[in-house]
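What follows is a single structure, written as structure tokens, with notes after it.
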Amino acid sequence: MNSSGKFIVFEGLDGSGLSTQAKLLAKYLQKKTRVWLTKEPTDSTIGKLIRAHLKKDKKNSKWLQMMFVKDRKEHVKNILKALGEGKTVICDRYILSSIAYGSINTKTKVLQDLNKDFPKPDITILLKVPPKVSLKRIKKSRGSFELFEHERKLKNVWHTYSEFAKKDKTIFVVVGTRDKKEVFKRVREVVERD
């Protein structure tokens with residue numbers, strides 16, 4: 001990525017601690033640099049439509065993937081602006097989530113093609129949490145499940161995540177089942193070594 005800021009993305013199964021670790025990293029890095037913490041789907045009108053769709057058990061995967069792309073297209077404008085201003089951008093989910101979750105109903109190649117023109121993160125931190133642990137955490141925090149939150153589906157999602165991690169040296173797998181401070185220590189090591 002040719003810009004003055006650094007683009008860091010957190011990925012993983014729902015309930016793996018993405019938001020928690022993204023916030024911890026933002027707080028830590030704000031002592032050293034300017035930081036913009038963001039997420040996908042965004043809080044835009046399109047992002048809200050996506051969230052509403054995920055709460056229902058609808059299966060219109062083509063529509064959903066097109067909405068993710070539209071939301072991301074607008075989001076990336078702000079990401080590039082922040083990076084150009086020298087900010088570190090920390091994003092809670094990005095392209096890899098669309099591919100991993102979308103691969104349940106759509107071919108991975110199709111999803112990659114839909115997202116091929118978007119900038120690649122400098123670092124992706126993939127939090128590894130088994131599907132059973134993920135579902136237990138979701139139930140405890142929210143009490144209800146969304147479209148993709150079933151053990152079999154999450155196993156498939158994790159498989160896609162792990163296949164990408166094997167091929168991409170900018171994706172770092174961090175075990176997310178430990179205490180959040182221990183997980184953050186590892187996250188910090190990944191970010192600081194790069």
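The values are calculated or read from the model by the stated rules, or taken from the named source; none is laboratory data. Please read these numbers as outputs of a predicted model, since none were measured by experiment. Here the Cβ positions follow ideal geometry from the backbone for every residue, glycine too, while neighbour counts run over all protein chains shown. Just the protein is used for accessible areas: all its heavy atoms, side chains included, with ligands, DNA and RNA removed. Shrake-Rupley method; radii C 1.70, N 1.55, O 1.52, S 1.80 Å.
Observations
- The set of residues from region 161-177 being polar (S, T, N, Q) and within 14 Å of T108 (Cβ to Cβ) comprises just one member, S162.
- Residue within region 169-184 that is assigned to a helix (DSSP H, G or I), without any contact (Cβ under 8 Å) to a residue 40 or more places away in the chain and open to solvent by 20 Å² or more (accessible area, probe 1.4 Å) present: yes
- I90 being in contact with a Ser or Thr (Cβ under 9 Å, 6 or more places away or on another chain), open to solvent by 30 Å² or more (accessible area, probe 1.4 Å), touching a residue at least 12 places away in the same chain (Cβ under 8 Å) and not in a helix (DSSP H, G or I): no
- If you go through region 17-34 and keep only what is outside any helix (DSSP H, G or I) and more than 18 Å from E189 (Cβ to Cβ), you end up with Q30, R34.
- When we screen K155, K120, K139, K132 for residues that are modelled with pLDDT of 95 or more and not aliphatic (A, V, I, L, M), the only hit is K120.
- Of all the numbered requirements in (1) open to solvent by 20 Å² or more (accessible area, probe 1.4 Å); (2) at pLDDT 90 or above, S98 misses one, and that requirement is (1).
- Check on A26, open to solvent by less than 80 Å² (accessible area, probe 1.4 Å), modelled with pLDDT of 95 or more and in contact with a Leu (Cβ under 6 Å, 6 or more places away or on another chain): yes
- When each of L80, L49, L37 is tested for being assigned to a helix (DSSP H, G or I) and either touching a strand residue (DSSP E or B) at 6+ places or on another chain (Cβ under 7 Å) or modelled with pLDDT under 95 (or both), the lone residue that passes is L49.
- Taken together, the criteria exclude D57 from residues that are in a loop (DSSP other than H, G, I, E, B), modelled with pLDDT of 90 or more, open to solvent by 80 Å² or more (accessible area, probe 1.4 Å) and out of contact with any strand residue (DSSP E or B) (no Cβ under 7 Å at 6 or more places or on another chain).
- The listed residue being open to solvent by less than 20 Å² (accessible area, probe 1.4 Å), free of Cβ contacts under 8 Å to residues at least 40 places away in the same chain, over 17 Å from E192 (Cα atoms) and among the hydrophobic types (A, V, I, L, M, F, W, C), out of L13, L64, L83: L64
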